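Worksheet: one structure, shown below.
The values are calculated or read from the model by the stated rules, or taken from the named source; none is laboratory data. Since this is a predicted model, take the numbers as computed values, not measurements. With ideal geometry, Cβ positions are generated from the backbone for all residues, glycine too; neighbour counts draw on all protein chains shown. Ligands, DNA and RNA are stripped out before the accessible areas are found, and what is left, the full protein with its side chains, is counted by its heavy atoms. Shrake-Rupley method; radii C 1.70, N 1.55, O 1.52, S 1.80 Å.
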Amino acid sequence: MLKKIYKGNREILSYLFWGGMTTVVSWVSYGLFEKLLKAESEKVVFFGTNMSIAIFLANVLSWICAILFAFVSNKVFVFQSKLWKKDVVVSEFGKFVSARVVTGFLEIIGVPILVSSGMDQSMFGVEGFSAKIIVSVAVVVLNYLFSKLFIFKKTKVKEAE
């Protein structure tokens, strides 16, 4: 019975699993970068908000790590794209990154804005981690919707009789 459920929902289950793993990569790399950059205590005004440069940079770097991990895991495991020719990979990667820019903007700007707006609670000894979790959930949902509805939309092909 579980096998039947998996077979009928393999793509979405894979997407959810690898999306969760991408979130882990994002959170762990954010924590590492935040600790490494913590000495950078300068603030910068961005969108009228006083933001920590360390948190901003940690968030940008964690987003880049997550995008690289997500591309490979989606290509190999979720959508099972088997072509590794340079032009194919470059094209797929370009489309993948372009589709993630909108949610990346939300993630890169959202965490520092939430932190500077008072959601600066530490979790696991990492400042602003509660904001990171809230933004990450929104990003996973939006990435799924964009991927399913616009990027990897399956088109029905009329079968030859």
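So here's what we get for this one:
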| quantity | calculated |
| --- | --- |
| Residue list for the range 6-45, filter: open to solvent by less than 80 Å² (accessible area, probe 1.4 Å) and among the aliphatic types (A, V, I, L, M) | 12, 13, 21, 24, 25, 37, 44 |
| Residue satisfying condition, being under 13 Å from residue 112 (Cα atoms), part of a helix (DSSP H, G or I) and open to solvent by 40 Å² or more (accessible area, probe 1.4 Å), within set 68, 57 | 57 |
| The one condition in (1) exposed (fewer than 15 other Cβ atoms within 10 Å of the Cβ); (2) without any contact (Cβ under 8 Å) to a residue 24 or more places away in the chain; (3) among the basic types (Lys, Arg) that residue 75 fails to fulfil | (1) |
| Matching residues in the range 49-108 - criterion: being basic (Lys, Arg) and either under 12 Å from the mean Cα position of the chain (by Cα) or over 17 Å from residue 18 (Cβ atoms) (or both) | 85, 86, 95, 100 |
| Checking residue 50 against (1) assigned to a helix (DSSP H, G or I); (2) open to solvent by 70 Å² or more (accessible area, probe 1.4 Å); (3) in contact (Cβ under 8 Å) with a residue 24 or more places away in the chain, the condition it does not meet | (1) |
| Top-ranked residue of the range 145-161 - restricted to ones that are surrounded by 15 or more Cβ atoms within 10 Å (Cβ to Cβ) and part of a helix (DSSP H, G or I), ranked as modelled with the lowest pLDDT | 151 |
| Scan of the range 117-136 for residues that are open to solvent by less than 70 Å² (accessible area, probe 1.4 Å), under 18 Å from residue 57 (Cβ atoms) and either acidic (Asp, Glu) or in a helix (DSSP H, G or I) (or both), ordered by number | 127, 129, 131, 132, 135, 136 |
| Members of the range 78-116 that are loosely packed, with under 15 Cβ neighbours inside 10 Å, hydroxyl-bearing (Ser, Thr, Tyr) and in a helix (DSSP H, G or I) | 91, 98 |
